[in-house]
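S.K.: This is the structure I have questions about; it appears just below.
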Ligand SMILES: [Zn+2]
C-alpha cells in the first residue's frame, strides 16, 4: 500500500480516453459523458448540434411505366407503289423494283398490306 496518502481526498480513476490513471479530481466530464484527463478534454464541436432535415429517398409521386410506342417502319411492301400494298408516308412512286405479285406473295397473299 505504498500509494496510500498519495492522493488525499481523492481516489484512483482511469481516463476513459487514454486509459491512464489519474486522481479523481483531475478528470473532467467531457461532452460525450466520458471522464477524461486534461489532455483528452475537448469541447463539443458546433457542427454536431446542427439539425438536418431527414432526406426522403423515394420520390414524392410516381406513375407506372407506359407501354412502348412503336412507330411504323417502312419496308419493302409498304414502300411499294402499288395500291393496297403501299402505305401512306412510305409509298414511293418510283419503287417498282418488285412486281405486284411478288409483293403480294410476301404479304401472305393479301392485297392489303398487313403488319
Ligand atoms: Zn486521458
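The values are calculated or read from the model by the stated rules, or taken from the named source; none is laboratory data. As the structure is a prediction and not an experimental result, all values here were calculated from the model. FYI the Cβ positions are ideal-geometry reconstructions off the backbone, even for glycines, and counts take in every protein chain you see.
S.K.: On the basis of being out of contact with any strand residue (DSSP E or B) (no Cβ under 9 Å at 6 or more places or on another chain) and in contact (Cβ under 8 Å) with a residue 24 or more places away in the chain, does residue 52 make the cut?
M.R.: On the way: out of contact with any strand residue (DSSP E or B) (no Cβ under 9 Å at 6 or more places or on another chain): yes; in contact (Cβ under 8 Å) with a residue 24 or more places away in the chain: no.
Spelling it out, it is not the case that residue 52 is out of contact with any strand residue (DSSP E or B) (no Cβ under 9 Å at 6 or more places or on another chain) and in contact (Cβ under 8 Å) with a residue 24 or more places away in the chain.
S.K.: Here is a further query. Taking only pairs six or more apart or across chains, which ones have beta-carbon atoms under 6 Å, a first residue in region 14-26 that is closer than 7 Å to residue 37 by Cβ, and a second residue that is in a loop (DSSP other than H, G, I, E, B) and more than 6 Å from the ligand (Cβ to nearest atom)?
M.R.: none
S.K.: Report the residue count in region 43-66 for those that are surrounded by fewer than 10 Cβ atoms within 10 Å (Cβ to Cβ) and closer than 30 Å to residue 30 by Cα. Walk me through how you get there before you give the answer.
M.R.: Here is the first cut: in region 43-66, the ones surrounded by fewer than 10 Cβ atoms within 10 Å (Cβ to Cβ) are 43, 45-66.
In the following step, the residues that additionally are closer than 30 Å to residue 30 by Cα were identified as 43, 45-54.
Matching residues across region 43-66 total 11.
S.K.: Scan region 10-67 residue by residue and report those that are over 31 Å from the mean Cα position of the chain (by Cα) and in a helix (DSSP H, G or I).
M.R.: Within region 10-67, 24, 25, 26 qualify.
So that you can scan it fast, the table gives a plain yes or no per residue for (1) in contact with a helix residue (DSSP H, G or I) (Cβ under 9 Å, 6 or more places away or on another chain); (2) on the phi < 0 side of the Ramachandran plot; (3) assigned to a loop (DSSP other than H, G, I, E, B); (4) loosely packed, with under 15 Cβ neighbours inside 10 Å:
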{"position": "73", "(1), (2), (3), (4)": "no, yes, yes, yes"}
{"position": "80", "(1), (2), (3), (4)": "yes, yes, yes, no"}
{"position": "87", "(1), (2), (3), (4)": "no, yes, yes, no"}
{"position": "90", "(1), (2), (3), (4)": "no, yes, yes, no"}
{"position": "93", "(1), (2), (3), (4)": "no, yes, yes, yes"}
{"position": "96", "(1), (2), (3), (4)": "no, yes, yes, yes"}
{"position": "102", "(1), (2), (3), (4)": "no, yes, no, yes"}
{"position": "109", "(1), (2), (3), (4)": "no, no, yes, yes"}
{"position": "114", "(1), (2), (3), (4)": "no, yes, yes, yes"}
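S.K.: Mind listing whichever residues of region 2-58 are modelled with pLDDT under 90 and on the phi > 0 side of the Ramachandran plot?
M.R.: Those that are modelled with pLDDT under 90 and on the phi > 0 side of the Ramachandran plot: 5, 9.
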